[in-house]
1. When you scan segment 131-187 for strands (runs of 3 or more DSSP E) that lie fully inside it, which ones turn up with 3 or more residues that are away from ligand 1 (no atom under 16 Å from the Cβ) and modelled with pLDDT of 95 or more?
2. Could you list, in sequence order, the residues of segment 1-36 that are assigned to a strand (DSSP E or B) and either in contact (Cβ under 8 Å) with a residue 60 or more places away in the chain or not assigned by TED's automatic domain parsing to the domain that holds Gly47 (or both)?
3. Applying the selection to segment 239-281, what residues are among the β-branched types (Val, Ile, Thr), under 30 Å from Gln202 (Cβ atoms) and within 12 Å of ligand 1 (Cβ to nearest atom)?
4. Tell me which residues, restricted to segment 319-353, are within 24 Å of the chain's Cα centre (by Cα) and small (Gly, Ala, Ser).
5. Which condition number does Gly284 fail, the rest of (1) touching a residue at least 24 places away in the same chain (Cβ under 8 Å); (2) more than 16 Å from ligand 1 (Cβ to nearest atom); (3) surrounded by fewer than 23 Cβ atoms within 10 Å (Cβ to Cβ) being met?
6. Please enumerate the residues belonging to segment 37-61 that are assigned to a loop (DSSP other than H, G, I, E, B) and closer than 21 Å to Ala305 by Cα.
7. Residues to consider are His283, His222; find the one that is of a type outside the set (Lys, Arg), outside any helix (DSSP H, G or I) and closer than 20 Å to Ala74 by Cα.
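The values are calculated or read from the model by the stated rules, or taken from the named source; none is laboratory data. This structure is a prediction, so every number in the text was calculated from the model and none was measured. Neighbour counts are summed over all protein chains in view; Cβ atoms, including those assigned to glycine, are modelled from backbone coordinates with ideal geometry.
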Amino acid sequence: MSGKYNITLLPGDGIGPEIMAVTVEILKVIGKKFEIEFNFQEAAIGGVAIDATGEPLPAETLKICQDSDAVLLAAIGGYKWDNLPRSQRPETGLLGLRAGLNLFANLRPATIFPQLVDASTLKREVVEGVDIMVVRELTGGIYFGQPKGIFATEKGVKRGVNTMAYTESEVDRIAKVGFETAKKRNSRLCSVDKANVLDVSQLWRDRVTLMAGEYPDVELSHLYVDNAAMQLVRAPKQFDTIVTGNLFGDILSDAAAMLTGSIGMLPSASLGAENPGVFEPVHGSAPDIAGQNKANPLAMVLSAAMMLRYGLNQEKAAAAIDSAVIQVLDKGDRTGDIMSEGMNLLGCREMGESLLKALENI
Ligand code: IPM
Ligand code: MG
């Protein structure tokens, strides 16, 4: 299956450049194997962009991303930029990228690799076989609602405000992604909200319930977010596909990630209706281990597989990356975050080399 694609690389901050370097080497080999021509272009986002231009998402970066076929993003942020005003924080660049590309649907799979069952902090019988897809709304809700800000009241006391708001159409488009995703999996969709307290959640629940009529083969359930958080750690295997709003999805996807042993294993895909998708690991920039060749590159590498699968429709190439990851895990190769007794402790680069070797036999 051949193809020719312009890929924007956003290595970002912290461990970002290290895990991106490994991933690009792998994509080069994949390109040769499957006759796919990747044209890589690098751009700045996050802290590195702030240092270079004063802005976390320079207009040029957004333009390069908009003009490409897919965007690979590693990680942004670090202590150095934590105290800047909000408009200049690395996180604001990431939110601007999501909004600028209209990436309203965020797919975050939390699948446990059998080889890593014992790396989870939860008991083997609880996590073995976990395979959850969190579909998180990404460009609305409390992250973007107006009014927002810190305002002075008449009494001279400051008041911080954010607004959790969803329109019917915003709920409908993410609910549709939820139902469609569930249909391709085990046909069970759990919608998570806080409809017992929040009006915005009541509207969410009403719209999702209405859409269920169009998907008679998908079994829909609803959970309040506090209960969902509890159920995720109590009995995670009850979940197949979860659809939820921006803030609840942010929180639940981190919890779901830990079921799998390490957040260092989890990829994600952010998709819109027309624009190129952004593919990035769920984990952050891990400034504490940056530049030490200790990072786990697997979430980034698996994000490249998601790019091939969901962004470029190159399923065979995506499957090759997935199976290279399984091979290295089978061999016992581990980075520090997923290390256990008797396994081979590798650095980030060495893990990349092991993946390249595995790809030779695929
Ligand atoms: C995530 C992150 C981001 C978010 C931050 C870095 C803005 O936590 O992708 O989950 O809150 O969405
Ligand atoms: Mg998060």
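1. Correct list: 145-152, 158-163.
2. Gly3, Tyr5, Asn6, Ile7, Thr8, Leu9, Leu10, Pro11, Gly12, Ile36
3. Ile251
4. Ala319, Ala320, Ser323, Ala324, Gly336, Gly347, Gly352 - these are the residues of segment 319-353 that are within 24 Å of the chain's Cα centre (by Cα) and small (Gly, Ala, Ser).
5. The one condition Gly284 does not meet is (2).
6. Ala43
7. When all the criteria are applied, what remains is His283.
Matching residues to (1) among the small types (Gly, Ala, Ser); (2) closer than 20 Å to Ile64 by Cα; (3) assigned by TED's automatic domain parsing to the domain that holds Ile76:
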| residue | (1), (2), (3) |
| --- | --- |
| Ser285 | yes, no, yes |
| Ala290 | yes, no, yes |
| Asn296 | no, no, yes |
| Ala304 | yes, yes, yes |
